[in-house]
Amino acid sequence: MGITCEDMIDIAIRAGSIVLENGGETYRTEGIVNKIAAALGAKTSSSFVTPTVIQFSYTDDNDHYHSAIRRITKRGVNLDKISLIDELTRRIEKKQKTYEPRVIESLLSRIENSPVYKKPLVLFAAALSSFCFAFMFGGSLAEACAAFMIGFILRLFLLFSQKRLFGSFSSSLLSGAISSVLTEIVFLLGFIPSTEVTLISVLMQVVPGLAIVNAIRDIIEGDLVSGAARLLDAFMVAAGLSVGAVAGLFVFKGSFQEELARELGKSMADAASSAVEPSAQALGAAIVGEKAGFVSLLVASLVAALWGGGASGFSSVYLHSKPLDILLGALCGAVGWFVFTLTGGEGASSYLAGAFTVAVLSELLGALLKTPATVYLLPGLLPLVPGGGMFLTMRSAVNGFMEEAASYAYTTLFAAGSIALGIALASSGRRLLMQFRLFSRAGLSRY
């Protein structure tokens, strides 16, 4: 049975829709649609994809044009489905017209209905990711346990909101508010010394890491419209989280102001004590630090890598990666956070080094295992995403500390820019290597 016009359009757009609905990049969606069309016999094909629309047209052997458009209304994250569509595309390219359209449609249905992790496992993994984030940010056991409990409740709400089809901004607003109010309650009950680490650790579940990563990769591949749209989406999600998180500050405004005053007083006391430290003592500490500093830093970086890997690995569960990819995603997160910590743990250079390391490792794993690099890049970058900076900026601004808010905003933007640059460098290197391989195969490497 031959491939009809309806078969061609349905298979190509359906495959692209699965990728886009489950967190795939725009350029990847366009590539999959065009590759499938070419393999099934299209003379020429063209696709234009945005985060909400797929447009596809092709010409048959008689130079007749056929086109279709599909609106994308459902968006989520399932990294395993992206991998499965990528694998199916390679199989279609290999068999080309010998593949029966009904067989392809059956495989697409199987991918669409592929099982996801059970809700109890997703809830537990999300809570554990918040637990690991708390230790990663230097929190205590009490703060980590509080993050575990609140993270569990937050993920329960997110599973509930998926069925109710809340908009991304509304969901982010409510997520921030729920996390903030629950953290303030735990603080008032005396279980944690402050709210900052616990709240940021919980919010790391919902920071717009996927939108940021996809926006950067789309822009690198030349899809400027889609990249800009995804950046705007990331900004709206971050704004919703920040505004929602501030709700807890208004509900418990008195307790928060007392907490903030204590934090500022402690910072000033620490600064004063360091200022009057005897110079001889400082000199002695510097000498000892030179001898043991690197070893201490190495050990601290290894411990931090353990928590970073745990945060990335458990996050991969609610991102619905397959078991092997969960382990590799955890590896990327651990290595990236190790490099970040080893290079100082702050500043543009540390973010750049960490992001570049994760991106290179993701590209290598993707090429080796024939899997989209995004499957490893997204969980690997989560520990580096400056979610805390977004919240601290909004918190300071709401309470009138404008200089502090400006400082946090500057640091956060600089960190985000450094992460983007690290991803861009790694992706550009991959593209250059691919071009070199193409030239080499054509016997043109000398040029």
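The values are calculated or read from the model by the stated rules, or taken from the named source; none is laboratory data. Note that the coordinates shown come from a computational prediction; the quantities given were computed from them, not determined experimentally. Backbone-built Cβ (ideal geometry, glycine too); neighbour counts: all protein chains shown. For accessibility, only protein heavy atoms count, side chains too; no ligands or nucleic acids. Shrake-Rupley method; radii C 1.70, N 1.55, O 1.52, S 1.80 Å.
A few points about this structure:
- Residue that is most open to solvent (accessible area, probe 1.4 Å), among those in region 52-70 that are of a type in the set (Ser, Thr, Tyr) and over 24 Å from the mean Cα position of the chain (by Cα): Tyr65
- Selection count, region 126-140, where residues are small (Gly, Ala, Ser), under 19 Å from the mean Cα position of the chain (by Cα) and not in a helix (DSSP H, G or I): 0
- In region 171-183, the residue that is nearest to the chain's Cα centre (by Cα) out of those that are buried (at least 23 other Cβ atoms within 10 Å of the Cβ) and over 23 Å from Lys119 (Cα atoms) is Ser180.
- Verdict on Leu121 being open to solvent by less than 60 Å² (accessible area, probe 1.4 Å) and either touching a helix residue (DSSP H, G or I) at 6+ places or on another chain (Cβ under 9 Å) or not aromatic (Phe, Trp, Tyr) (or both): no
Residue by residue, here is whether (1) in a helix (DSSP H, G or I); (2) modelled with pLDDT of 85 or more; (3) touching a Ser or Thr at 6+ places or on another chain (Cβ under 9 Å); (4) open to solvent by less than 30 Å² (accessible area, probe 1.4 Å) holds:
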site: Val186; (1), (2), (3), (4): yes, yes, yes, yes
site: Gly190; (1), (2), (3), (4): no, yes, no, no
site: Ile200; (1), (2), (3), (4): yes, yes, no, yes
site: Val206; (1), (2), (3), (4): no, yes, yes, yes
site: Asp218; (1), (2), (3), (4): yes, no, yes, yes
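- Residues of region 14-33 satisfying the condition of being free of Cβ contacts under 8 Å to residues at least 60 places away in the same chain and either surrounded by fewer than 20 Cβ atoms within 10 Å (Cβ to Cβ) or more than 27 Å from the chain's Cα centre (by Cα) (or both): Glu21, Gly31
- Counting only residues that are within 18 Å of Leu79 (Cα to Cα) and of a type outside the set (Asp, Glu), region 1-32 holds 16 of them.
- Residue match in region 322-333 (condition: closer than 21 Å to Pro208 by Cα and touching a residue at least 60 places away in the same chain (Cβ under 8 Å)): yes
- Among the residues of region 345-402, not one is open to solvent by 20 Å² or more (accessible area, probe 1.4 Å), of a type in the set (Gly, Ala, Ser), assigned to a loop (DSSP other than H, G, I, E, B) and under 23 Å from Gly23 (Cα atoms).
- Checked against the criteria, Val49 does not count as open to solvent by less than 20 Å² (accessible area, probe 1.4 Å) and closer than 18 Å to Ser109 by Cα.
- Extreme residue, farthest from Ile18 (Cα to Cα), among residues of region 124-140 that are among the hydroxyl-bearing types (Ser, Thr, Tyr) and open to solvent by less than 20 Å² (accessible area, probe 1.4 Å): Ser130
- The set of residues in region 71-107 being surrounded by 17 or more Cβ atoms within 10 Å (Cβ to Cβ) and among the charged types (D, E, K, R) consists of Asp80, Lys81, Asp86.
- Region 1-21, residues that are polar (S, T, N, Q) and more than 12 Å from Glu112 (Cα to Cα): Thr4
- Complete set of residues in region 141-170 that are open to solvent by 50 Å² or more (accessible area, probe 1.4 Å) and either in a loop (DSSP other than H, G, I, E, B) or of a type in the set (S, T, N, Q) (or both): Gln162, Leu165, Phe166, Ser168, Ser170
- Residues in region 30-41 include none that are outside any helix (DSSP H, G or I), touching a helix residue (DSSP H, G or I) at 6+ places or on another chain (Cβ under 9 Å) and of a type in the set (Lys, Arg).
- Residue match in region 72-90 (condition: closer than 19 Å to Ile32 by Cα and in contact with a strand residue (DSSP E or B) (Cβ under 9 Å, 6 or more places away or on another chain)): yes
- Within region 1-13, the residues that satisfy the criterion of being of a type in the set (A, V, I, L, M) and open to solvent by less than 40 Å² (accessible area, probe 1.4 Å) are Met8, Ile9, Ile11, Ala12, Ile13.
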